[in-house]
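Engineer: Structure below; questions to follow.
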Amino acid sequence: ILSGLTMQECFAYTQRARLNITPLMPNDNVTATGQVTIVNTMNMGKMLISSDCNGVDDYMIHNETGWLIPPKSADAIAEAVDLLWHDDELRNRLNAGAKSYALAHYSDESAGRNLVRILDELAADYR
């Protein structure tokens, strides 16, 4: 396990990785966790294997933009890694889906489009 990495080092490892895994723990006191990692990874055109908890399914679509697994399941992680490590076609499809979804929903351009839409709606209320 590596620690003390800079953000650039983390991004470099993420970009070079064949698979990225975000094993999250459910927490009833938290509404969401891991979303910055998920969005950054998807924006790099990389899918994730992630625990399905605390709002992750608001950011990822199982078998389209990533691979969701039950929390606290080492067996599910192992099965997902085995499947996605050996199935280049599936992994590449998920990588492409992650990138496309991130560009459409989580990019600066997407945020700008949404801001324009909101401002146009607000301006219409004052006409």
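Engineer: Taking the Cα centroid of the stretch 97-115 and of the stretch 59-76, what is the distance between the two, rounded to the nearest whole Å?
Structural biologist: One Cα centre to the other: 22 Å.
Engineer: Just to confirm the filter: which trypsin sites (Lys or Arg not before Pro) across the stretch 7-56 are DSSP coil and have at most 13 other Cβ within 10 angstrom of their Cβ?
Structural biologist: Arg18
Engineer: What's the local net charge at Val39, with K and R +1, D and E -1, over the other residues with C-beta under 15 Å away?
Structural biologist: Numbers: positive: Lys46, Lys99; negative: Asp57, Asp58, Asp108, Glu109.
With Lys, Arg at +1 and Asp, Glu at -1, the net is -2.
Engineer: Need one number: nm distance between label points at Asn27 and Phe11, each 7 Å from Cα along Cα→Cβ, rounded to one decimal.
Structural biologist: Roughly 2.6 nm, to one decimal.
Engineer: Averaged per residue, what accessible surface does the chain expose to a 1.4 Å probe, in Å²?
Structural biologist: Working: 8160 Å² over 127 residues.
I get 64 Å² per residue for this part.
Engineer: If Rh is defined by the Kirkwood formula over all Cα pairs and Rg also comes from Cα, what ratio Rg/Rh do you get for the stretch 47-127? Could you put the intermediate results ahead of the total?
Structural biologist: Working: Rg = 17.4 Å, Rh = 14.6 Å.
Looking at the stretch 47-127, the ratio lands at 1.19.
Engineer: Could you please state how large a percent of the accessible area of the stretch 16-127 is carbon and sulfur, counting protein chains only and using a 1.4 Å probe?
Structural biologist: Carbon-and-sulfur percentage of accessible area, whole number: 52.
Engineer: Between Asn63, Asn27, Asn95, which gets the highest mean-square fluctuation from a Gaussian network model of the chain, Cα cutoff 10 Å?
Structural biologist: Fluctuation is largest for Asn27.
Engineer: Using the 2.2 N^0.38 Å rule of thumb for compact globular proteins, work out how the stretch 1-98 stacks up: its C-alpha Rg over that value, please.
Structural biologist: After normalising by residue count via 2.2 N^0.38 Å, the value is 1.03.
The values are calculated or read from the model by the stated rules, or taken from the named source; none is laboratory data. Just so you know, these numbers come straight off a predicted model, no measurement behind them. As a convention, Cβ positions derive from the backbone with ideal geometry for all residues, glycine included, and neighbour counts pool all protein chains shown. Accessible surface areas use protein heavy atoms only, side chains included; no ligands, DNA or RNA. Shrake-Rupley method; radii C 1.70, N 1.55, O 1.52, S 1.80 Å.
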